[in-house]
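Here is the structure we will look at, set down as structure tokens.
Since every read-out is calculated from the coordinates, none of them should be taken as a lab result. Values in this document were obtained by computation on a predicted structure and should not be read as measured data. Every residue, glycine as well, gets a Cβ built from its backbone with ideal geometry; the counts of neighbours run over all protein chains shown.
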Amino acid sequence: VTEFNMPKRKQPLALRHIATQKATIMLTGVLGTWTERLCLAADGGIQDYQQAVQYVQQQGTLMHGLLTLFPTEVLEDLSPTVIRSLVDDIAACDEDNWGFKPTSWDGEDMYNAVCTNMVKSVVVPSVTRCDMKGLTSGFAQKLIIKALNSAYNLTHLAFDTATDTDNSGLLAKIIDDLTNLQSFQYKYQCTDIVIQELGLRCKRLTQLDISYSQEVTDFSIYHLLKLKRLTDINLMETSISPEFYGRLISRLKNISILNSSPPICEILSTVSTEKLYTITCVTAPIHNTNILTQKCPRITTLTLNSVYEDLSSLTALNNLDELHLDEGDYVTSNMAAVLQGVGHRLNELDLRKIYNVNMADTVTLCSRLDVLVLECCTFVPLAKHTFLSSDLPHYKTVDLFLYIHQTPENEEYNRHLRYYVNLTAFMCAGVHIVTDDFVADAIHNGAFRYIVNFEVEDAEDGDLSMTTVELLLEHCEHLETLGYLQSWRRLTPQNISDLKDRILLQNLNLGIVL
């Protein structure tokens, strides 16, 4: 392996990053001792538990005071990780029978109090972000909501999963303290009452995601209209009717991003405004694109679901930059005409579960693509005598390629993968042609020289081995991520272990995804 071409060595961390990293490790270690001590005390009597609770509460007071002493810029990096670590720890203990909840005597109130105090100890007034994505414990969610009444500077709050208990009423009560919120996500369990409080208190809100919340109805529109700064709104799978949705987007003059579960044409047909010039990004099912192109002529990013009808009117969108299609038919949707009209302008083309894709159209018409995604698609054979030159601009502009799942129909197209010479990211799964020989040939032709992320899930009868690893290490100096190595049939656990040791020994800036 030559020193010149091998992946770059890790650079020294910035002082701020070092301080944050060390403080995070120290503080999360301390938090772990709290739950551990309570778990041990829960098996004893009430006296043991009371002593443990008293100790944890004293430590919590010290922790809160310590956090307030950190510089604001360090605390911005530190707080989200520390808060999430404690909340996850409490959630795990609460959901397991061996947790620190007393079982042999009535200690419910004491348990709730100590958990609440623990979370409050790490939520200081200067906290600006609280990201609870993926949290399913209603008990843990309740604790963090209670602690937010002192987070006066909070600008970002996110809950993106349904929990086992509904805490919407509690959340509505503390919104009065969150007047600086700019981004609010509360999926699945948001209600009209929560929206009412947001409308009254959170005038700075610009991003709102309350998707999949069936308890949000047309009643909320009046309160949403008070949020004049909203630019990004996701009401997908709520109980808001197309008529009221249309009323909302026609009156909020800063809305630029729409996410809808009713077909977008049903919403736009209720809008009396001739043009909605601010809307640039739309995600929705669609039956008729004519009204979309007429009402929203400045769309730059479009994500459409269930595309089986004619999309050819999309050629009128002169600013269209990204096109995402999820489930549909390439032929019946007339995608050939779409790419004929807008392909030369697209920077991103994302096709997922699309049948009968004609890759010749993409290769010849999409001459400036940066990102190409083909997930679970089927392909039509290239027309007889069709020749796709490796010198086409398309092969030189794409820098991120995601290609998931091989089907018999795309065998013919696979041989063209080696022509993408400027990729920074190559991700695929189950593609038989991606073998040691393929990688060697691609590198010989100049491909992968700029690769940063090489993430390949090998086919069941795949042929990837240490030969590919060595080739990438030798020729790809920008490589930072290599995966999914456990799926590589000819790569042994010892190979992977040796590779990890080598990365550490040579201090390479290279991560392994198993």
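Label points 7 Å out from Cα along the Cβ direction at A92 and K133: separation in nm?
So the label points at A92 and K133 sit 2.1 nm apart.
Could you work out how much longer the chain between A162 and H287 gets when fully extended? Use 0.36 nm per residue separation minus the Cα distance between them, nm to one decimal. Could the numbers behind the result be given before it?
Working: separation 125, 0.36 × 125 = 45.00 nm, distance 3.05 nm.
That pair, A162 and H287, stretches by 42.0 nm at full extension.
Only loop residues by DSSP count here, and only those with at most 16 other Cβ atoms within 10 Å; note down the chymotrypsin sites (Phe, Trp or Tyr not before Pro) in region 288-397 that meet that.
Working: sites: Y308, Y330, Y355, F379, F387, Y395; in loops: Y308, Y330, F387.
Answer by residue number: Y308, F387.
Could you give the dipole magnitude of the chain about its Cα centre, charging the beta-carbon of Lys and Arg +1 and that of Asp and Glu -1, in debye to the nearest 20?
2000
Quick one: go through region 222-247 and flag any residue whose amide nitrogen is under 15 Å from the point 7 Å out along the Cα-to-Cβ line of R204.
It comes to 228-230, nothing else.
What's the FRET efficiency of H385 with K173 using the Cβ-Cβ distance as r and R₀ = 51 Å, to the nearest 0.05?
On the way: r = 71 Å, r/R0 = 1.39.
Efficiency for this residue pair is about 0.10.
Can you give the net charge of the other residues whose Cβ lies under 12 Å from the Cβ of I174, counting K and R as +1 and D and E as -1?
+1
Could you give the nm distance between label points at K353 and Q340, where each point is 7 Å from its Cα heading toward the beta carbon?
Result for the modelled spin labels: 2.9 nm.
Given an 8 Å cut-off on Cα distances and at least 6 residues of separation, report the relative contact order of region 1-125 as a percent. Don't skip to the end; give the middle numbers.
Numbers: 91 pairs, mean separation 44.8, N = 125.
RCO, region 1-125: 36 percent.
Given a Förster radius of 56 Å and the C-beta distance between T61 and D461 as r, what FRET efficiency does 1/(1 + (r/R0)^6) yield to the nearest 0.05? The partial results should precede the final answer.
Details: r = 61 Å, r/R0 = 1.09.
Rounded to the nearest 0.05, the efficiency is 0.35.
So what's the net charge close to V469: Lys and Arg +1, Asp and Glu -1, counting the other residues with Cβ under 14 Å from its Cβ?
Values: positive: R489, R490, K500, R502; negative: D436, E455, D458, D463, E470, E474, D498, D501.
Here the charged neighbours net out to -4.
Which of K187/K295; K133/K353; K120/K226; K146/K203; K228/K295 have a Cα-Cα distance over 24 Å?
On the way: K187/K295 28 Å; K133/K353 27 Å; K120/K226 31 Å; K146/K203 22 Å; K228/K295 21 Å.
In this structure, K187/K295; K133/K353; K120/K226 exceed 24 Å between Cα atoms.
With contacts defined as alpha carbon pairs under 8 Å and 6 or more residues apart, what's the relative contact order of the chain in percent? Kindly include the intermediate steps, with their values, before the conclusion.
Values: 1077 pairs, mean separation 42.6, N = 514.
Normalised by residue count, the contact order of the chain is 8 percent.
Give, rounded to the nearest 20 debye, the magnitude of the charge dipole that region 5-143 has about its Cα centre when Lys and Arg contribute +1 at Cβ and Asp and Glu contribute -1 at Cβ.
Details: 12 positive and 15 negative charges, 191 e Å.
Magnitude of the dipole: close to 920 debye.
Using 0.36 nm times the number of residues separating E76 and Q54, minus their current alpha carbon distance, what extension gain do you get? Each step should come with its number before you reach the end.
Details: separation 22, 0.36 × 22 = 7.92 nm, distance 2.93 nm.
Between E76 and Q54, full extension yields 5.0 nm more.
Please give every one of the aspartates and glutamates within straight-line cross-link reach of K275, meaning a C-alpha to C-alpha distance under 16 Å, and leave out same-chain neighbours fewer than 8 residues apart.
Within reach: E266.
Please give the FRET efficiency for N153 paired with V30, using the beta carbon to beta carbon distance and R0 = 25 Å, rounded to the nearest 0.05. Please list the in-between numbers first.
Details: r = 24 Å, r/R0 = 0.96.
According to the calculation, E is roughly 0.55.
Return the lysines within reach of K10: Cα separation strictly under 20 angstrom, same-chain partners fewer than 8 residues apart disregarded; answer none if there are no such residues.
K22, K500
Provide S313, S211 in ascending order of the number of other Cβ atoms located within 10 Å of each residue's Cβ, fewest first. Numbers along the way, then the final one.
Details: S313 18, S211 21.
If I rank by nearby Cβ atoms, fewest first, I get S313, S211.
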